[in-house]
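A short write-up of the structure that comes next.
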Amino acid sequence: MPANDDYVIEILKDVGLLTEEQSVELHGKTGGLHMVETLIKEGTVSAEDVARTLASQNGMDFVDLARVTPNPDLVALLEPETARRYKTVPVSEHDGSLVLAIADPMDFEAFDSIGFLLKRPVEFVCAVPSQIAEKLELLYPHGFEDLGETVADEEEDTGVDDAPIIKLVSSLLIEAQNSRASDIHIEPMEKRLRVRFRIDGNLQEMQSPPKKLQGAIISRLKIMTGSMSIAEKRVPQDGRIQMKLGDKVVDLRVSTVPTVHGESIVMRILDKSSLMLGLPELGFLSDDQALFERLVQLPDGIILVTGPTGSGKTTTLYACLNYMNRPDRKIITVEEPVEYQMTGINQVQVNSEIGMTFPAALRAMLRQAPNVIMLGEIRDQETATIAINASLTGHLVLSTLHTNDAPGAIARLVDIGVQPFLVSSAVRAVMAQRLVRKLCSNCKQPGELSEYEARSLNLDPGQLAKATPMKAVGCEKCRGKGFRGRLGIFEVMVVDDEIRQMITHNATTLQLRQRTRELGMRTLREDGIRKVLAGMTTAEEVISSTMGDTH
């Protein structure tokens, strides 16, 4: 019988179906085991009495399955393994929800898991266990094993390829793709398994699978990489999965880290369609786009993209490579790791264990006579020196640095040991960037900036009079958030003769910033303001992303 026997006995006493004397006698007779089953066998109460009472106490409806003939289409919605695992059968549909009969109204695991597996609203009603067993044999007659029996224990490596786990993992990945997630986080907690998606830069908690499937899910993902060990749970591991989700081929970069409650796994979704983004899709307005297109057509020099982790630097570099990828240009990249594999481009992966470091790869690349070199990051003096020498000998070099603004990249190169005269000779331009959430085009509506927002952005009444600011509303397409996708805000510093001379004479970052602004450089915040006034994003997004840029 469902639920805990002692709990059911107390409820039966409360509703008058069992007296205290009968309860004491029953306990003495059975020793506290199988008490409800004994009551039904002896005819003291009926199975229907028990089911109706449990349903009433838990706020559920009771259904007599003998009077129900489920629609075959509804039966097909529920996998046989799931139906048998959770002892549930379809009954009907109600206001878009699938109505399922269940024997135990206290089976909270079933409530959570079935909704997660079906990816649709579910309502539960209570039924007599024997009727559910009969319906299961009638509707799913092939004797499938319970899901819980086919899933391997966390300490074993067998069974993880069983169909239910494969389908569960696949549905998780498909949901992440459909949600436009950039990362999937599967995190073991003490009593549950938490799943979160990073959508438009923000983590959002999703419906999570049962804790007992934690080991099987992680083992399945490790197997999918083809390189990670499912037996090793004590050390971090990295791998890669390439698969087709819907009509897109995506790469997933997989990383595991052991925690006190099991292995935490993070998957970064690398959608190859983002490689085809043009500069306008990245967020460039027409004037900045024309400037940047002119810069990447230069025959030599270094162009740097700067910003903190997660600011979209890699996506920008790949968009540039895609723009420059022509048969008359040889392009080589050095990356750690290679995030996107691009046709027509020679990509080299750094592997320090075998001596393939950034400097070693760079030296080898220069013997390949490339036109364009892309470095994932300039992180030390040796790499920076080789990159600068490459740029001074007729190569265009694209790379990234971790600095807060464009002028700060100059000081960063000097700090890691590059002579100022080499920096001034090699660097052609520096572009700093941030990402802000883009308003959903389906539901955004005209709005007004608050006094605080107008003051923070230093806007005057004349600017506001010509503006068309918009506000976030929320709809089905953006999952009620009011935002869909992200766009960049940019700060492009071109190194002309005057700036080159200032760098050679050890000008400070502040001096460089002041002069480049006088020469027309827009700051990150100023570019963000343009996009707020154009109704592309909100003032709140720009203010939070440019807190250090108040000038």
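The values are calculated or read from the model by the stated rules, or taken from the named source; none is laboratory data. Bear in mind that the values here come from a model prediction, so they are computed numbers and not experimental data. Here the Cβ is made from the backbone with ideal geometry for all residues, glycine too, and neighbour counts use every protein chain on show. Areas reflect the complete protein model, heavy atoms only, side chains present, ligands, DNA and RNA absent. Shrake-Rupley method; radii C 1.70, N 1.55, O 1.52, S 1.80 Å.
At a glance:
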{"item": "1.4 Å probe accessible area per residue over region 1-131, in Å²", "result": "49 Å²"}
{"item": "Charge context of Ile416, other residues only, Cβ under 13 angstrom, K/R +1, D/E -1", "result": "-2"}
{"item": "Prolate/oblate/rounded call for region 255-407, Cα gyration tensor, a/c under 1.5 rounded", "result": "oblate"}
{"item": "Whole-number accessible area per residue in Å² for region 413-506, which is evaluated in the context of all protein chains at 1.4 Å", "result": "53 Å²"}
{"item": "Global form of region 187-340, assessed from the alpha-carbon gyration tensor, a/c cut-off 1.5", "result": "prolate"}
{"item": "Sparse-neighbour loop sites [GluC sites (Glu not before Pro); region 186-250; at most 13 other C-beta within 10 Å; DSSP]", "result": "Glu190, Glu232"}
{"item": "Under Karplus coefficients 6.51, -1.76 and 1.60, residue-wise ³J(HN,Hα) of region 173-190 in Hz, glycine/proline x", "result": "5, 5, 4, 5, 5, 5, 7, 6, 6, 9, 9, 10, 10, 10, 10, x, 9, 4"}
{"item": "Projected area averaged over orientations for region 1-89, convex hull of C-alpha atoms, nm²", "result": "6.9 nm²"}
{"item": "Neighbour net charge for Thr357 - beta-carbon separation under 13 angstrom, K R +1, D E -1", "result": "-4"}
{"item": "Fraction of beta bridges assigned by DSSP in the chain that are antiparallel (%, nearest 5)", "result": "65 percent"}
{"item": "Percent of Cα-Cα distances greater than 39 Å, calculated over the chain", "result": "46 percent"}
{"item": "Share of carbon and sulfur in the accessible heavy-atom surface of region 374-481 [1.4 Å probe, %]", "result": "46 percent"}
{"item": "Percent carbon-and-sulfur accessible area, region 1-146, ignoring ligands, DNA and RNA, probe 1.4 Å", "result": "49 percent"}
{"item": "Carbon + sulfur, % of accessible area of region 181-232 - ligands and nucleic acids excluded, 1.4 Å", "result": "44 percent"}
{"item": "Percent of alpha-carbon pairs separated by more than 14 Å within region 275-328", "result": "57 percent"}
{"item": "Where no second cysteine Cβ lies under 4.7 Å, the cysteines concerned in the chain", "result": "Cys126, Cys320"}
{"item": "Accessible area (Å², per residue) of region 220-318, counting only protein heavy atoms and a probe of 1.4 Å", "result": "44 Å²"}
{"item": "Tail weight of P(r) past 20 Å, computed on alpha-carbon pairs of region 397-532, percent", "result": "57 percent"}
{"item": "Degrees separating the helix 5-14 axis from the principal Cα axis of the chain, which is the longest one", "result": "60 degrees"}
{"item": "Relative contact order, percent, the chain [alpha-carbon distance under 8 Å, six or more residues apart]", "result": "9 percent"}
